[in-house]
1. Hey, His273 hits all of (1) at pLDDT below 95; (2) in the same structural domain as Val85 (by TED's automatic domain parsing) but one; which does it fall short on?
2. Find the residue count for segment 173-196, including only residues that are more than 10 Å from Val335 (Cβ to Cβ) and part of a loop (DSSP other than H, G, I, E, B).
3. Scanning segment 11-41 for residues that are part of a loop (DSSP other than H, G, I, E, B) and under 22 Å from the mean Cα position of the chain (by Cα), which turns out modelled with the highest pLDDT?
4. When you check Phe112 against the structure, is it of a type in the set (Phe, Trp, Tyr) and within 16 Å of ligand 1 (Cβ to nearest atom), yes or no?
5. Within segment 115-146, which residues are part of a helix (DSSP H, G or I) and either farther than 23 Å from Leu183 by Cα or within 11 Å of ligand 1 (Cβ to nearest atom) (or both)?
6. Can you work out which of the residues in segment 205-224 that are surrounded by 14 or more Cβ atoms within 10 Å (Cβ to Cβ) and charged (D, E, K, R) is nearest to Arg187 (Cα to Cα)?
7. Would you be able to tell me the number of residues in segment 153-196 that are of a type in the set (Val, Ile, Thr) and in contact with a strand residue (DSSP E or B) (Cβ under 8 Å, 6 or more places away or on another chain)?
8. Among (1) within 23 Å of Val262 (Cβ to Cβ); (2) modelled with pLDDT of 95 or more; (3) away from ligand 2 (no atom under 16 Å from the Cβ); (4) of a type in the set (S, T, N, Q), which single condition is Gln82 missing?
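The values are calculated or read from the model by the stated rules, or taken from the named source; none is laboratory data. All figures in this text were calculated on a predicted structure; none of them were measured in a lab. Positions of Cβ are generated from backbone atoms using ideal geometry, with glycine treated the same way; all protein chains shown enter the neighbour counts.
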Amino acid sequence: MRSMAVVAFGEPLVLRDVAMPQPREGEVVVKVLACGVCRTDVKIVGGQMPFSHTQRLPHIPGHEIAGEIVSLGPGVSAPIGQRVVVFNYWGCGRCPYCLAGQENLCDDLRGFVGFTTPGGFEEFLAVPASHVLPVPPSVSAVESAAMSCALGTGYHAVVTRGRVQAGETVVVLGAGGVGLHALQFARVAGCRTAAVDINKVKLDAARSLGADEVLFPQEAPSRVREMTGGRGADLVIDCVGTGDATQTALGLVRKGGRIVQVGYTTDARHFPHLPTATLALCEVSLIGARYITRPELARAIELVSRGLVRPVISDVMDFSQANEALARVRADEAVGRIVLQVAR
Ligand SMILES: [Zn+2]
Ligand SMILES: [Zn+2]
């Protein structure tokens, strides 16, 4: 079967023929119909992740996988042909975090799909049956490919970590893959929303998804104050994670408000300086958010299947164009997710 692999960090992916996976006990084989391309893939391919120095190459990236079950390992009963999304973190099930329902923080992942273990830039993938989530036929494979990372991460940031409340004012910094979905969850929760970005095209997308205000960073402080009677936002979802974004978030949040940090940088030149006085004296909560858990992702999929939230797809490209897709994400040209059509 075909795969697109990282052979050397920073170099284009290479088309390689690899062996078809055979499902072991408890596993299913998923035919990868579509795989999203995430900004994190750019960091993985560039060798810029915290784990890159120990990554063995070649490596097959891709962690936004939608497909269908085509074969079953021993002990598995699942419908052949079932459409699924793959959950990326294959937790150990035994560490304190897994036992507490925080599998996204597992100490001993058995699979870290597309990050350190093989991902969806290949036609077939063996997955524990426990780590695929069914998707109704009404949601296309291409749309499903934005759900396991972009949409799921947005849900976890707004709903679980942000503890969003109806009637609040929520500002989303960065109207990219995660941001455009975070915005929709805040809206569905009954909030007033604003999207902040430097890119007019992304702001237009946020507007079309129902953002009440779309703002450039320099105008955001005064406009958000106008929206909130001078107080500031209850909740800021920072999908950017640079020092500049942190400064913007702190300028928008109200006293006693929350900032959810879901974007991050691994580039030390852009690390934020944290004004501890503001955090302490204004009782601003700074809350990290990482990916999502399976029960939450099932709820997010339910919201999509009911038409309340929709996956935002920028472009659909052929698998053979994986390098072009990565280049477009690197150049910040995608509005929502670029999705590769993998197996036919
Ligand atoms: Zn991702
Ligand atoms: Zn664990």
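1. Answer for His273: the failing condition is (2).
2. 4
3. Let us first name the residues in segment 11-41 that are part of a loop (DSSP other than H, G, I, E, B), namely 11-13, 18-26, 38.
The next check asks that each one be under 22 Å from the mean Cα position of the chain (by Cα); those that pass are 13, 38.
Values: Leu13: 98, Cys38: 94.
Once the filter is applied, the top-ranked residue is Leu13.
4. Spelling it out, Phe112 is indeed of a type in the set (Phe, Trp, Tyr) and within 16 Å of ligand 1 (Cβ to nearest atom).
5. Taking segment 115-146 as the starting set, the residues that turn out to be part of a helix (DSSP H, G or I) are 129-131, 141-144.
Answer for segment 115-146, where residues must be part of a helix (DSSP H, G or I) and either farther than 23 Å from Leu183 by Cα or within 11 Å of ligand 1 (Cβ to nearest atom) (or both): Ala129, Ser130, His131.
6. Asp212
7. Selection size over segment 153-196: 8.
8. Of everything listed in (1) within 23 Å of Val262 (Cβ to Cβ); (2) modelled with pLDDT of 95 or more; (3) away from ligand 2 (no atom under 16 Å from the Cβ); (4) of a type in the set (S, T, N, Q), Gln82 misses just condition (1).
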